[in-house]
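Here's the structure, in structure tokens; my notes come after.
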Amino acid sequence: QRQLVESGGGLVQAGGSLRLSCAASGSIFSINAMGWYRQAPGKQRDLVAAITSGGSTNYKDSVKGRLTISRDNAKNTVYLQMNSLKPEDTAVYYCYADLIRSGTDYPTRYWGQGTQVTVSS
């Protein structure tokens, strides 16, 4: 059973917008950091954006001002709002969450299944 389920990818023209969602499920005590990586064909997986449990964020330089990460702690969900998309944003996007399961006191990182984002020029 997958612990993180992503949704929201797709095909969009340059300049368009998409919103990715990633929901964590199961017996969760708390969630530390959540975030998004992406991997383009032939390239390594890179961190795009991350958010702490307190709401502090950090971004890859090339997406600052265009992509916004947020989270809803009540829903155990992290979002990535992507505006002014460029062809170079094309990649598979993976979410992650550092979950502390009920009955434990340490975080374990879980990954989403990946969602394709394609930006046409």
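The values are calculated or read from the model by the stated rules, or taken from the named source; none is laboratory data. These figures come from a predicted structure and were not determined experimentally. Here the Cβ is made from the backbone with ideal geometry for all residues, glycine too, and neighbour counts use every protein chain on show. Calculation scope for accessible area: heavy atoms of the full protein, side chains included, ligands and nucleic acids excluded. Shrake-Rupley method; radii C 1.70, N 1.55, O 1.52, S 1.80 Å.
Here is how the numbers come out for the structure above:
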quantity	calculated
Kirkwood Rh (inverse of mean 1/r, distinct Cα pairs), the chain, angstrom	14.5 Å
Accessible area, probe 1.4 Å, largest first, for residues T108, T115	T108, T115
Computed E for N58/T104 - FRET, C-beta separation, R0 22 angstrom, nearest 0.05	0.25
Å² of accessible area per residue within the range 29-95, as computed with a 1.4 Å probe and no ligands counted	50 Å²
Accessible carbon and sulfur surface of the chain relative to its total accessible area, %, 1.4 Å	47 percent
Full-extension gain in nm, A14 to A40, via 0.36 nm per residue minus C-alpha separation	7.7 nm
The chain, dipole about Cα centre (Lys/Arg Cβ +1, Asp/Glu Cβ -1), debye to the nearest 20	80 debye
Mean projected area (nm²) of the alpha-carbon convex hull when the range 82-121 is viewed from all directions	3.8 nm²
